[in-house]
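Colleague: Below are the structure tokens for one structure; questions will follow.
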Amino acid sequence: MLKKIFLILFLLVLAFKLEAQVTFKAKVSKNRMGLNERLKVSFEMNKNGDNFTPPNFEGFRVVGGPNQATSNSWINGKRTFSRSYTYFLNPTRKGKIKIGQATIEIEGEIYKTTPVSVEVTEAVAKPNQGGNADYIADQSVHLVAEISNPNPYLNEAITVVYKLYYSPQVGISNVNELESPGYGDFWSNLIPIKKLEMKQGVYKGTTYNYVTWRKAVLYPQKTGKLTLEPLTLSMTVQVPSNRRDIWGSLINRQVPKVITAGKRTINVKELPEEGKPIDFNGAVGDFDLKFDLNKDVLKASESFQATVKVSGRGNLKLFNLPKINVPASLEVYEPEHTENIKTNLLGMKGSIQDSYTIVPEFQGNYPIPSISFSFFDPNKKQYKTLVSEEYMVNVNEGPIKGGVVNPKGSSLVLKPTLNEDQFVFIALETEFKSISSSMPFFGSRNFYFILIFPFGLVFLLFVWLKAQQNRSKDPMTLRQKSANKLARKYLSSAKKTLGDKELFYNSLERALHNYLKAKLHIETSEFSKDKISSLLREKEVDSSSIKEFNNILKSCEAARYAPATSVSMQEDFDRASKLISKMDKQL
């Protein structure tokens with residue numbers, strides 16, 4: 001009886017040790033294969049490990065893997081664990097080929113597999129891949145980056161279209177983007193894809209279904225070999241198996257798959273130096289130039305607009321428009337830049353323009369020189385220069401240099417005025433005079449003037465400071481100075497806000513109110529058109545100025561509820577400035 005108990009205990013301990021034993025072995029799908037067949041090699045273990053190292057697979061080419069699979073299950077309270085690393089190999093020669101040892105670390109110990117030998121024979125007529133689902137998935141799904149031009153010029157548009165090809169015999173689902181491509185050396189623009197649509201296409205001579213996953217337009221900003229980072233997708237591939245369900249339909253096997261388009265290299269060429277224009281600033285494409293004035297006959301202090309517009313196809317957002325050059329008597333404001341650009345697979349197309357507001361100070365005829373714009377045409381591989389026409393602006397009315405007012409309706413070409421003494425005779429000899437007969441400096445009139453002058457200057461400065469101090473204490477003076485300062489402030493603020501209707505007319509109206517507060521000594525609560533007109537008439541301001549003042553106030557009120565252009569705002573500002581100057585003289 002005692003022997004039976006010891007025997008049972010021994011068998012239980014032996015079973016526990018066998019169950020706890022670590023196994024790590026290599027399995028091959030076949031031991032004999034043709035040269036054109038594929039071999040599946042799996043390295044399996046029953047406990048989790050780290051630092052797996054595969055053999056070098058000498059005599060084979062790795063065409064798939066490593067694919068990892070892990071299984072962890074509990075059956076009747078018993079845990080079963082397995083993990084495998086799977087590779088797919090193509091033999092590179094005939095004969096007996098040995099697959100070497102793989103190693104892994106499990107619980108601090110290093111385990112190795114036993115080498116496996118495979119015999120490779122002549123190529124067979126019908127390669128048997130064993131119906132492997134991983135192999136079928138690997139051969140049925142491809143991610144391809146199609147590049148329109150791998151050898152572009154600097155700043156020339158290229159397109160990259162990522163297409164996911166898959167065989168009609170398989171299905172794909174759960175597609176996610178694991179790694180997005182980077183375009184660090186490119187100006188890039190992604191073209192949105194509203195809906196993924198399945199189409200049919202040919203890849204490497206075989207018909208596939210495909211979807212376009214991503215589209216991008218790139219403009220290289222450096223020359224040389226530039227790298228496009230890969231796009232990587234994860235998905236589930238549904239591969240049909242040989243098994244059927246109870247209704248006779250094939251059962252699909254779900255195979256997880258990670259595919260990548262791989263890195264691509266773009267060789268960017270330098271723009272040619274031969275024939276490069278002096279004014280070339282990086283425009284690459286095919287463009288047209290347009291230079292226009294909205295009017296060429298006007299009065300002094302009226303404004304007109306000059307527009308420089310470049311349209312066509314190319315890197316429209318990556319260069320500056322040419323600047324205009326006008327005579328010094330024309331005041332030119334900073335241009336308003338506008339863009340109307342659309343991007344498709346052929347690159348950017350549309351127009352960019354700069355609109356200048358120009359105000360002449362004096363009457364006369366002003367030539368507006370032509371402008372030139374140069375670009376490189378990558379299709380014709382040559383530079384082109386476009387030149388606009390010249391314009392002449394005729395300012396009929398207003399002041400001229402020298403203070404002479406020209407009759408209304410006549411034109412005057414400005415001519416340079418020369419001083420009569422501009423080219424005087426240059427003396428070549430020096431005439432010396434004796435100073436022995438001159439009066440001594442001490443005791444002379446100049447001596448006493450220089451002696452007394454500093455004291456007189458200090459006295460006058462004291463009197464002026466005293467008067468300023470008394471004046472600064474006068475409340476009326478303080479209020480007038482404050483209002484004048486506010487008027488200048490708001491006029492300046494109005495000029496800065498040209499183009500913003502609401503801010504501009506608010507600032508202009510407050511400037512006019514503060515000017516009246518300073519000149520008529522009235523408070524804001526007393527403001528009304530009748531009150532203002534009555535006080536201005538008492539101050540002997542002419543009726544036309546009073547009417548003009550009220551009209552400007554009406555314009556400020558009406559502009560809040562009606563559209564206004566930059567030109568109309570500039571005209572209102574000029575009217576207000578002239579009116580304040582005119583009324584200030586009368587008051």
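Colleague: If R₀ is 30 angstrom, what is the calculated FRET efficiency for the pair F57 and S82, using the beta carbon separation as r and rounding to 0.05?
Modeller: Once the sixth-power term is evaluated, E becomes 0.85.
Colleague: Normalised by the number of residues in the stretch 20-128, what is the relative contact order in percent for Cα pairs under 8 Å and 6+ residues apart?
Modeller: In percent, rounded to a whole number, it is 36.
Colleague: Okay, moving on. What fraction of the Cα pairs in the stretch 132-259, stated in percent, has a spacing above 27 angstrom? Working shown, then result.
Modeller: Numbers: 2505 of 8128 pairs.
That tail contains 31 percent of the Cα-Cα pairs.
Colleague: Give me the distance in nm between label points sitting 7 Å out from Cα along the Cα-to-Cβ direction at N446 and K204, one decimal.
Modeller: Between N446 and K204, the simple spin-label model gives 10.5 nm.
Colleague: Moving to a separate point now. If I model a spin label as a point 7 Å beyond the Cα along the Cα-Cβ vector, how far apart are those points for S534 and N90 in nm?
Modeller: 10.4
Colleague: Tally Lys/Arg at +1 and Asp/Glu at -1 over every other residue whose Cβ is under 9 Å from the Cβ of K309; what's the total?
Modeller: So the surrounding residues net to -2.
Colleague: Using the Cβ atoms and a cut-off under 10 Å, what net charge is assigned to the surroundings of Y356, where Lys and Arg are +1 and Asp and Glu are -1?
Modeller: Here the count lands on -2.
Colleague: Tell me, what is the FRET efficiency for D292 and Q254 to the nearest 0.05, using R0 = 56 angstrom and their Cβ-Cβ distance as r?
Modeller: 0.30
Colleague: With Cβ to Cβ distances under 10 Å as the rule, what net charge do the other residues near T212 carry (K, R +1; D, E -1)?
Modeller: Numbers: positive: K163, K199, R214, K215; negative: E146, E197.
Charge balance in the 10 Å sphere: +2.
Colleague: Please tell me which of these pairs span more than 29 angstrom C-alpha to C-alpha: K195/K380; K295/K531; K276/K317?
Modeller: K195/K380; K295/K531
Colleague: Okay, moving on. Place the peptides 513-519, 566-572 in order of packing, highest mean first, counting for every residue the other Cβ atoms within 10 Å and averaging per peptide.
Modeller: Working: 513-519: 21.3, 566-572: 18.7.
Listed from highest to lowest mean packing, they are 513-519, 566-572.
Colleague: Are any of the pairs K299/K578; K222/K349; K40/K257; K299/K496 more than 19 Å apart by Cα-Cα distance, and if so, which?
Modeller: Working: K299/K578 14 Å; K222/K349 22 Å; K40/K257 17 Å; K299/K496 23 Å.
From the list (K299/K578; K222/K349; K40/K257; K299/K496), the Cα-Cα distance tops 19 Å for K222/K349; K299/K496.
Colleague: Further question: Students often forget the sequence filter, so: which aspartates and glutamates lie under 14 Å Cα-Cα from K290 once same-chain residues fewer than 8 apart are removed?
Modeller: Of all the aspartates and glutamates, those that pass the test against K290 - Cα under 14 Å, at least 8 places apart if same chain - are D354, E389, E390.
No lab work stands behind these numbers, since they all come straight from the coordinates. Remember, it's a predicted structure, so these values are computed and weren't measured experimentally. Backbone-built Cβ (ideal geometry, glycine too); neighbour counts: all protein chains shown.
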